[in-house]
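Beneath this line is the structure, given in structure tokens, with notes to follow.
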Amino acid sequence: MEHLFNVNVNDMFEFKVDQEKIQNLDIQKTSSGHHHLLINNKSVTSEVVSSDFLNRVYTIKINSNTYQVKISSSLDVLIKDMGLSLSANQVINEVKAPMPGMILDIMIKEGQEIKEGDALLVLEAMKMENTILAPRDATIKAIQIQKNTTVGKNEVLIELE
């Protein structure tokens, strides 16, 4: 099954991008929120200025231009067309493991205030390191896991207030 994403830029331009195209991007992370890309043999620098993870809206600076980018999957489009919304009434109070794996690093402490998109922990799964990000601005209520332990899919890792 092909995964298509609808990308809206500045409410002016619409693109359909498939997952294969995304995976084949020539992109390197240079620092937190900053990336270097090669597009059509041209060097491009980008910075994620702000992100609204739940609504999938991002402000991205490419070279010296700033763009508002909205990303939606085929499922998001279907849900919107049906007049429903997944994120409007949902507040995420738990961060769960998206897949089974091992906790390599925990970057936060209980009581710490975090911002949406902040790195919380690193989960190794299938020989890949996955950084788990904060889904919203919150305070860390409890950390349910420890470094170098294994976790199962959907296991609660962190509780948020």
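Bear in mind these aren't lab numbers, they're just calculated from the coordinates by the rules spelled out. Since this is a predicted model, take the numbers as computed values, not measurements. Please note: Cβ atoms are built from the backbone with ideal geometry, for glycine as well, and neighbour counts cover all protein chains shown.
For semi-axes √(5λ) of the Cα gyration tensor in Å, pick the label among [x] 36, 19, 13; [y] 65, 29, 15; [z] 28, 20, 17 that corresponds to the value derived from the coordinates. Here semi-axes √(5λ) of the Cα gyration tensor in Å agrees with entry [z]. Ordered by the number of other Cβ atoms lying within 10 Å of each residue's own Cβ, fewest first, Phe15, Phe5 fall into the sequence Phe15, Phe5. The stretch between Ile106 and Met12 holds 29.8 nm of extra length on full extension. This uses 0.36 nm per residue minus the Cα-Cα distance. Per residue of the chain, the DSSP helices (runs of n ≥ 4 H) give a summed -39500 (n - 2.57) that works out to -2000 deg cm²/dmol at 222 nm. Per-residue Cβ neighbour counts within 10 Å put Ile158, Ile140 in the sequence Ile140, Ile158, beginning with the fewest. The shape of the stretch 94-160 comes out prolate: with a ≥ b ≥ c from the C-alpha gyration tensor, a/c is at least 1.5 and a/b beats b/c. From least to most packed, judged by other beta carbons within 10 angstrom and beginning with the fewest, Phe53, Phe13 follow the order Phe13, Phe53.
Simple spin-label estimate for Leu4 and Leu25 gives 2.0 nm between the two label positions (7 Å along the Cα-to-Cβ direction from each Cα).
Give the shape of the stretch 1-74 as rounded, prolate or oblate, defined through the alpha-carbon gyration tensor: a ≥ b ≥ c are the square roots of its eigenvalues, a/c under 1.5 means rounded, and otherwise the shape is prolate if a/b is larger than b/c and oblate if not. It comes out oblate by the Cα gyration axes.
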